[in-house]
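J.: Here it is: the structure, laid out below.
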Amino acid sequence: MKGLEKFILDKMSRYRMPGLSIAIVRDGEVIYARGFGFRDLAISAPATPKTSYCVGSVTKAFTATAIMQLVEKGLLSLDDPVSKYVGVIKDPEVRIHHLLTHTSGIPVLGYAEALIDTYYGFRKDMLLPIAKSDDVLAYMIGYEDYPRMRPGERWFYLNEGYVILGKIIEKVAGVSYEEYVKKSIASVIGMEKAYFTREEFEKDNDKATPYYIKDDTVTRAEPLFGISSDGGLFASPIDLVKFAYALANRGSIGGAQILSKESVELMEKPHVKLPYESPTSKYYGYGLIIHDSFAGEYKLVGHSGSVYVYTAYMGYLPEKRVAVALASNSSGYPLSLIGAYALAIAAGVDESRLQFLKIDRVADRIEGLYTGYRESVVLRVRRAGDMLTLEDPYNRRTIASLVLDKVEESYARLYIATLYTRIPVEFFIERDRVVMIYERYLLVKKQ
């Protein structure tokens with residue numbers, strides 16, 4: 001795992017991520033678990049595999065699992081109209097299936113985005129008073145007057161839809177969503193910590209303090225509570241990987257069964273194609289994201305999560321019976337890529353088949369300051385997460401985003417898209433220098 005550890009530490013350093021925890025299971029056994037950096041900078045407390053983080057939208061996989069459990073018990077149907085359980089959705093054509101797959105036709109209503117932006121002070125023009133799931137339902141009142149599609153027509157990632165699924169679970173099961181997840185999923189598979197409230201967070205002796213970058217400084221933040229079935233779960237990677245492996249193992253771990261094989265496979269079914277493709281995502285199932293040709297041949301299943309000051313990812317390769325879970329107390333480098341790399345190592349996949357690693361290496365090489373003859377022209381290529389931009393450092397302006405077209409170890413071609421044309425930006429990567437050609441300019445990267 002030395003290559004993985006170097007990769008993780010390099011990304012944490014570059015993106016100033018204070019802490020990260022990871023755990024990997026293969027064939028039911030933990031083969032790797034470690035914490036990197038700090039769970040709390042103020043007291044120099046190290047992160048461990050048992051450190052708790054908010055896992056954000058990874059929670060959706062738990063919500064979908066809970067729904068499938070209720071389906072197995074005959075207490076509801078995936079074809080049930082949502083209006084049967086929750087009054088805010090009046091259209092009888094919107095079914096539980098549509099909420100699970102984000103195909104209800106309702107576009108992003110933005111409660112989670114606005115809540116995070118106002119809570120952390122990024123927006124000063126509003127305050128969103130949402131402290132519980134019922135507040136989200138009140139926020140949705142009147143959405144019918146906003147443009148939307150017919151159910152099943154289009155994929156719109158809808159946090160509000162998973163809030164509603166949580167309310168359906170409560171109505172059918174007769175207990176709170178949080179209690180249901182703890183008793184029917186977490187405790188069954190031996191998760192020691194799985195909670196949603198500030199009170200539980202305060203009692204946790206191995207919890208991660210969240211951070212974000214403010215004014216170019218790593219800044220302590222306060223965790224956000226009030227989000228529930230769409231993204232409010234706190235868990236540790238050593239616990240979360242048990243859930244991921246249970247799904248990889250067709251619903252069971254250590255003799256404990258949370259779902260039937262058939263239900264897991266229905267969750268993993270590529271119900272809808274995403275409007276984009278990434279190294280870890282191509283389709284959406286029920287609370288799970290699927291790529292059907294990871295490393296050219298494997299089915300990769302998982303979900304990522306972010307509440308800005310916490311990020312997380314869980315994923316697994318069903319054919320290989322390997323699973324990973326990781327989380328950080330900040331945002332920065334996509335944890336889904338670290339998780340995918342970890343899964344590849346655990347499954348014995350040749351690294352050369354992971355195209356995103358090559359792209360990552362090349363992006364690191366071409367980032368930097370470029371100068372023309374006698375420094376008459378100066379441009380900067382800047383990397384932020386999975387984005388590259390071309391900037392004028394003296395006028396302090398971004399010229400454009402750079403879109404990848406072709407990448408090899410010694411050559412990369414990107415382009416700038418305008419309304420009327422695509423302008424190529426080429427990079428020739430040599431052992432001791434990098435040359436950029438852009439329009440009329442040939443520039444050399446400063447060492």
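The values are calculated or read from the model by the stated rules, or taken from the named source; none is laboratory data. None of these values were measured; they are calculated from a predicted model. Glycine gets a Cβ as well: all are built from the backbone with ideal geometry, and neighbour counts include every protein chain shown.
J.: Please go through the range 154-169 and give me each residue that is free of Cβ contacts under 8 Å to residues at least 60 places away in the same chain and crowded, with 20+ Cβ neighbours inside 10 Å, ordered by number.
T.: Within the range 154-169, 158 is the sole residue that qualifies.
J.: Among the candidates 347, 325, 340, single out the residue that is in the same structural domain as residue 281 (by TED's automatic domain parsing), among the small types (Gly, Ala, Ser), in contact with a strand residue (DSSP E or B) (Cβ under 6 Å, 6 or more places away or on another chain) and under 30 Å from residue 41 (Cβ atoms). Break it down into steps so the answer makes sense when it comes.
T.: On the way: 347 fails: under 30 Å from residue 41 (Cβ atoms); 340 fails: in contact with a strand residue (DSSP E or B) (Cβ under 6 Å, 6 or more places away or on another chain).
Just one listed residue meets the conditions, 325.
J.: Quick one: would you say residue 80 is without any contact (Cβ under 8 Å) to a residue 60 or more places away in the chain and in the same structural domain as residue 159 (by TED's automatic domain parsing)? Step through it out loud before you land on a result.
T.: On the way: without any contact (Cβ under 8 Å) to a residue 60 or more places away in the chain: yes; in the same structural domain as residue 159 (by TED's automatic domain parsing): yes.
Yes.
J.: On the given criteria, is residue 282 assigned by TED's automatic domain parsing to the domain that holds residue 133 and touching a His at 6+ places or on another chain (Cβ under 7 Å)?
T.: Here the answer is yes, as residue 282 does meet what is asked.
J.: Additional query: Among the strands (runs of 3 or more DSSP E) contained in the range 203-298, which hold 1 or more residues that are within 27 Å of residue 160 (Cα to Cα)?
T.: On the way: elements: 211-214, 217-220, 272-278, 281-284, 289-294.
Per the criteria, 211-214, 272-278, 281-284, 289-294.
J.: While we're looking at this one, here's another question. Across the range 83-96, which residue is farthest from residue 130 (Cα to Cα) among those that are free of Cβ contacts under 8 Å to residues at least 24 places away in the same chain and not in a loop (DSSP other than H, G, I, E, B)?
T.: 84
Results for (1) part of a loop (DSSP other than H, G, I, E, B); (2) small (Gly, Ala, Ser), shown as yes or no for each residue.
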| position | (1), (2) |
| --- | --- |
| 346 | no, yes |
| 358 | no, no |
| 365 | no, no |
| 369 | no, no |
| 405 | no, no |
| 414 | no, no |
| 444 | no, no |
| 447 | yes, no |
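J.: Within the range 178-190, is even one residue crowded, with 18+ Cβ neighbours inside 10 Å and either under 20 Å from the mean Cα position of the chain (by Cα) or not assigned by TED's automatic domain parsing to the domain that holds residue 96 (or both)?
T.: No, every residue in the range 178-190 fails to be crowded, with 18+ Cβ neighbours inside 10 Å and either under 20 Å from the mean Cα position of the chain (by Cα) or not assigned by TED's automatic domain parsing to the domain that holds residue 96 (or both).
J.: Within the range 294-319, restricting attention to residues that are farther than 22 Å from residue 251 by Cα and of a type in the set (Gly, Ala, Ser), which residue is surrounded by the fewest Cβ atoms within 10 Å (Cβ to Cβ)?
T.: Taking the candidates together, the pick is 296.
J.: Now a separate question. Looking at residue 332 and the list (1) under 30 Å from residue 28 (Cα atoms); (2) of a type in the set (Gly, Ala, Ser); (3) part of a loop (DSSP other than H, G, I, E, B), which single condition is not satisfied?
T.: (1)
J.: Of all residues in the range 115-153, how many are basic (Lys, Arg) and exposed (fewer than 14 other Cβ atoms within 10 Å of the Cβ)?
T.: 3
J.: How many of the residues in the range 361-399 are closer than 26 Å to residue 336 by Cα and among the aliphatic types (A, V, I, L, M)?
T.: 8
J.: Give the range 302-323 a look and list any residue that's over 23 Å from residue 207 (Cα atoms) and in a strand (DSSP E or B), or say none. So that I can check it myself, show each step before the final result.
T.: Pass one, the range 302-323, residues over 23 Å from residue 207 (Cα atoms): 302, 316-322.
Within the range 302-323, 302, 316, 317, 322 qualify.
J.: So residue 151 clears everything in (1) at pLDDT 95 or above; (2) under 26 Å from residue 275 (Cβ atoms); (3) assigned to a helix (DSSP H, G or I) except one condition, right? Which one?
T.: (3)
Per-residue answers, yes or no, for (1) within 31 Å of the chain's Cα centre (by Cα); (2) in the same structural domain as residue 17 (by TED's automatic domain parsing); (3) surrounded by 13 or more Cβ atoms within 10 Å (Cβ to Cβ):
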site	(1), (2), (3)
364	yes, no, no
380	yes, no, yes
383	yes, no, yes
388	yes, no, yes
395	no, no, no
399	yes, no, yes
405	yes, no, yes
409	yes, no, no
416	yes, no, yes
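J.: Pick from 258, 238: which is of a type outside the set (Ser, Thr, Tyr), in contact with a Gly (Cβ under 8 Å, 6 or more places away or on another chain), surrounded by 21 or more Cβ atoms within 10 Å (Cβ to Cβ) and under 25 Å from residue 49 (Cα atoms)?
T.: Working: 238 fails: in contact with a Gly (Cβ under 8 Å, 6 or more places away or on another chain).
So the residue among 258, 238 that is of a type outside the set (Ser, Thr, Tyr), in contact with a Gly (Cβ under 8 Å, 6 or more places away or on another chain), surrounded by 21 or more Cβ atoms within 10 Å (Cβ to Cβ) and under 25 Å from residue 49 (Cα atoms) is 258.
J.: Please go through the range 105-114 and pick out each residue that is crowded, with 17+ Cβ neighbours inside 10 Å and assigned to a loop (DSSP other than H, G, I, E, B).
T.: 105, 106, 109
J.: Name the residue that is nearest to the chain's Cα centre (by Cα), counting only residues in the range 281-313 that are over 30 Å from residue 220 (Cβ atoms) and of a type in the set (S, T, N, Q).
T.: In this case the residue turns out to be 281.
J.: Still on this structure, I have one more. Being under 19 Å from residue 179 (Cβ atoms), surrounded by 23 or more Cβ atoms within 10 Å (Cβ to Cβ) and over 16 Å from the mean Cα position of the chain (by Cα) is the requirement here; does residue 243 meet it?
T.: Yes: the conditions hold for residue 243.
J.: Please verify whether residue 269 is within 29 Å of residue 52 (Cα to Cα), without any contact (Cβ under 8 Å) to a residue 40 or more places away in the chain and surrounded by fewer than 19 Cβ atoms within 10 Å (Cβ to Cβ), treating the condition exactly as stated.
T.: no
J.: Assuming residue 189 fulfils every condition listed in (1) among the aliphatic types (A, V, I, L, M); (2) part of a helix (DSSP H, G or I); (3) at pLDDT 95 or above apart from one, which condition is it?
T.: (2)
J.: Now for a separate question. Return the pairs, sorted by first residue and then second, in which the second residue is crowded, with 17+ Cβ neighbours inside 10 Å and hydroxyl-bearing (Ser, Thr, Tyr), the first residue lies in the range 133-153 and is more than 11 Å from residue 163 (Cβ to Cβ), the beta carbons are less than 6 Å apart, and the residues are 6+ apart or on different chains.
T.: The qualifying pairs are 151/104; 152/103.
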